[in-house]
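Undergrad: A single structure is presented below for examination.
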Amino acid sequence: MTETHQLNELIARRWSPRSFNGAEVESWKLHTVFDAARWAASCFGEEPWRFLVAPSGDTAQFDRLLGLLVGKNQEWAKNAGALAISVAKKTFTHSGSPNRFAIHDVGTAFGQLSLQAEALGLHIHGMGGFDAARTRTEFAIPDDFEVCAAIAIGYVDGDGAPPAGRKRRPLGEIVFTGDWGKPAGFAG
Ligand SMILES: Cc1cc2nc3c(=O)[nH]c(=O)nc-3n(C[C@H](O)[C@H](O)[C@H](O)COP(=O)(O)O)c2cc1C
């Protein structure tokens, strides 16, 4: 793991489990993870992120979000301690013009939320497998907003260690210098 030896511990520990233990996420922890999302950077300080959330103890709202997921995701996400859906405001509030960074910035918020969750002993699992159109209708989300991703939040079954064998593309395939495709060299 030569490329990851200096990684922040929270980043090294984060992974997306499908094995939640069914425990509800405490309200103060939900508060804290969304607070972490709130403090993300955004273009023009727009803060385009919005979230729908339901802790598992709120059965009616939790089942409403669960029912939007595709069957394969429902099978494991039903054991999460909370479900959420991220939404992006597609225009700048100050000008009304399109904000092409909106989904980028909601992704940043999702990343912060994930790491804050990790710091609190929780895990996050993002999901694209859900019915975004039905989410819009059911929650009367205005046209100006894009439905982004579903999010399972909860306590993992077992010790929470990432599974063995996870891998990523090498840095040389994703970070370039000079010419497109020319790997950047890093010393150390
Ligand atoms: C936006 C987004 C959508 C995803 N959609 C799904 C999904 O529908 N079902 C699923 O099981 N995992 C889903 N994942 C999880 C990814 O498969 C997972 O993050 C990826 O394989 C890397 O694994 P890791 O998060 O454990 O490092 C999604 C992740 C993200 C960020």
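Laboratory data are not the source of any read-out in this text; all were calculated from the coordinates shown. In this text the structure is predicted, and so the values were computed from the model without any measurement. So basically every Cβ, Gly included, is an ideal-geometry build from the backbone, and we count neighbours across all protein chains shown.
Undergrad: If you scan the stretch 68-87, which residues turn out to be within 12 Å of the ligand (Cβ to nearest atom), out of contact with any Gly (no Cβ under 7 Å at 6 or more places or on another chain) and in a strand (DSSP E or B)?
TA: Passing the criteria: I85, S86.
Undergrad: Kindly establish whether F44 is part of a helix (DSSP H, G or I), touching a strand residue (DSSP E or B) at 6+ places or on another chain (Cβ under 6 Å) and among the aromatic types (F, W, Y).
TA: no
Undergrad: For the structure I just gave you, tell me whether G81 is exposed (fewer than 15 other Cβ atoms within 10 Å of the Cβ), within 18 Å of R14 (Cα to Cα) and out of contact with any helix residue (DSSP H, G or I) (no Cβ under 7 Å at 6 or more places or on another chain).
TA: In short, no.
Undergrad: Could you tell me which residue of the stretch 112-129 is nearest to the ligand (Cβ to nearest atom), considering only residues that are over 21 Å from E75 (Cβ atoms) and not aliphatic (A, V, I, L, M)?
TA: Taking the candidates together, the pick is S114.
Undergrad: Kindly provide the set of residues from the stretch 130-148 that are within 15 Å of L69 (Cα to Cα) and either away from the ligand (no atom under 13 Å from the Cβ) or surrounded by fewer than 14 Cβ atoms within 10 Å (Cβ to Cβ) (or both), ordered by number.
TA: Once the filter is applied, which keeps residues that are within 15 Å of L69 (Cα to Cα) and either away from the ligand (no atom under 13 Å from the Cβ) or surrounded by fewer than 14 Cβ atoms within 10 Å (Cβ to Cβ) (or both), the stretch 130-148 yields A133, R134, T135, R136, T137, E138, F139.
Undergrad: For the stretch 36-74, how many residues are under 15 Å from M127 (Cα atoms) and in contact (Cβ under 8 Å) with a residue 24 or more places away in the chain?
TA: Matching residues across the stretch 36-74 total 9.
Undergrad: Another one. Which one is farthest from the ligand (Cβ to nearest atom), of the residues in the stretch 88-109 that are touching a strand residue (DSSP E or B) at 6+ places or on another chain (Cβ under 6 Å) and in a helix (DSSP H, G or I)?
TA: A102
Undergrad: Among the residues of the stretch 16-47, count how many are within 16 Å of the ligand (Cβ to nearest atom) and not aliphatic (A, V, I, L, M).
TA: Adding up the residues that qualify gives 5.
Undergrad: List pairs: first in the stretch 148-170 and touching a residue at least 12 places away in the same chain (Cβ under 8 Å) and assigned to a loop (DSSP other than H, G, I, E, B), second basic (K, R) and near the ligand (Cβ under 9 Å from one of its atoms), Cβ under 6 Å, 6+ apart or cross-chain?
TA: none
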